[in-house]
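Structure first, commentary second.
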Amino acid sequence: MSKHQADGKKVTTRRLIAMKQAGERIAMLTAYDYTMAKLVDASGIDMILVGDSAANVMAGHSTTLPITLDQMIYHGASVVRGVKRAMVVVDMPFGSYQTSPIEAVQSAVRIMKETGADAVKLEGGSAVYEAIRLIVQAGIPVVGHLGLTPQSVHQFGGYNLQAKEDAAAHKLLEEAETLERLGCCALVLEKIPAVLGKQVADRLEIPVIGIGAGVDVDGQVLVLQDMLGLDEGFSPKFLRRFALLGEAVTSAIGEYVDAVKDSTFPNQNEWY
Ligand code: KIV
């Protein structure tokens, strides 16, 4: 449980704005299943992202591209069943909004109807303005995502720091302002220089949530499995491990294997 006492009141888009205005930082983590979502929610988190990073951490893919809309809906609905307080945002997967703005609204409507989530998130700037406009018009809260947008990894040629040059930084600032004008309720900024993260957060009224975007933004998001230390193979500079659960899990399972092989499990208190 966080030392920052979370009240039991549901986190809404209005509340996010109020938090930004009050200078209260927003804590966000990913989750993909009921059991972990329940634990994350009980810890006092403000926002839970059902990220398409599920493709990586749940399914073992090397990019987020393969995950489907049906699979995101399955993860989203599982998370929503475990959450009482946090605002739940479901990622729109690759291919569910890029082909046409109409398809984007249809995909967003399916996510909202079939998961019970509070908002959707999609990646990109000018290429998705029309999609965002129509989704917002349908009454669906949208979280934008700029900077390193992993669904475009092949175009970027890797997971590199984005918007390093002045021209790219300027473009990102402009796109962030347009996303706010189009009605986005929050914006995720991934892997950009910290000074640019601060500039965007200062410029916008909606909350700006960073992952590798420095400390002067309105909140932070990390992938749950990464910050819990469940995958030792992944260590970008922005990642802080708040636990080493990978070791704890392997060691607990090792003890179980030994107990089964030694016939010390089950004992007489554990059988009928
Ligand atoms: O899919 C995801 O987990 C994300 C975060 C990294 C922001 O989009």
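Quick notes
Residue by residue, here is whether (1) in a loop (DSSP other than H, G, I, E, B); (2) within 16 Å of the ligand (Cβ to nearest atom); (3) more than 25 Å from LYS191 (Cα to Cα); (4) out of contact with any helix residue (DSSP H, G or I) (no Cβ under 9 Å at 6 or more places or on another chain) holds:
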position	(1), (2), (3), (4)
ALA55	no, yes, no, no
THR63	yes, yes, no, no
SER96	yes, yes, no, no
THR99	yes, no, yes, yes
ARG110	no, no, yes, no
GLU114	no, no, yes, no
VAL120	no, yes, no, no
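- Pick from the stretch 151-207, criterion in contact (Cβ under 8 Å) with a residue 60 or more places away in the chain and outside any helix (DSSP H, G or I), ranking: most open to solvent (accessible area, probe 1.4 Å): GLU205
- Residue count for the stretch 43-99 under the criterion of being hydrophobic (A, V, I, L, M, F, W, C) and either over 25 Å from ARG25 (Cβ atoms) or modelled with pLDDT under 95 (or both): the result is 12.
- The residue that is farthest from LEU222 (Cα to Cα), counting only those in the stretch 232-272 that are open to solvent by 90 Å² or more (accessible area, probe 1.4 Å) and basic (Lys, Arg), is LYS261.
- When TYR74, TYR129 are checked against the criterion of being under 17 Å from the mean Cα position of the chain (by Cα), aromatic (Phe, Trp, Tyr) and away from the ligand (no atom under 14 Å from the Cβ), a single residue qualifies: TYR74.
- Considered as a group, the residues in the stretch 217-230 that are part of a strand (DSSP E or B) and either open to solvent by less than 60 Å² (accessible area, probe 1.4 Å) or outside the structural domain of LEU196 (by TED's automatic domain parsing) (or both) include one that is farthest from the ligand (Cβ to nearest atom), and that residue is GLY219.
- Per the listing ASP46, ASP41, the residue uniquely touching a Lys or Arg at 6+ places or on another chain (Cβ under 9 Å), over 19 Å from VAL188 (Cβ atoms) and open to solvent by less than 50 Å² (accessible area, probe 1.4 Å) is ASP41.
- Within the stretch 61-120, the set of residues being of a type in the set (Asp, Glu) and buried (at least 24 other Cβ atoms within 10 Å of the Cβ) comprises just one member, ASP91.
- The condition (being outside the structural domain of VAL188 (by TED's automatic domain parsing), among the small types (Gly, Ala, Ser) and out of contact with any His (no Cβ under 8 Å at 6 or more places or on another chain)) is satisfied by just one residue among GLY254, GLY233: GLY254.
- Checked against (1) within 16 Å of the ligand (Cβ to nearest atom); (2) open to solvent by 10 Å² or more (accessible area, probe 1.4 Å), ALA213 passes all but a single condition, namely (2).
The values are calculated or read from the model by the stated rules, or taken from the named source; none is laboratory data. Everything numeric here is computed off the predicted structure, so don't read it as measured data. As a convention, Cβ positions derive from the backbone with ideal geometry for all residues, glycine included, and neighbour counts pool all protein chains shown. To get the accessible areas, we keep the full protein, side chains included, count just its heavy atoms, and leave off ligands, DNA and RNA. Shrake-Rupley method; radii C 1.70, N 1.55, O 1.52, S 1.80 Å.
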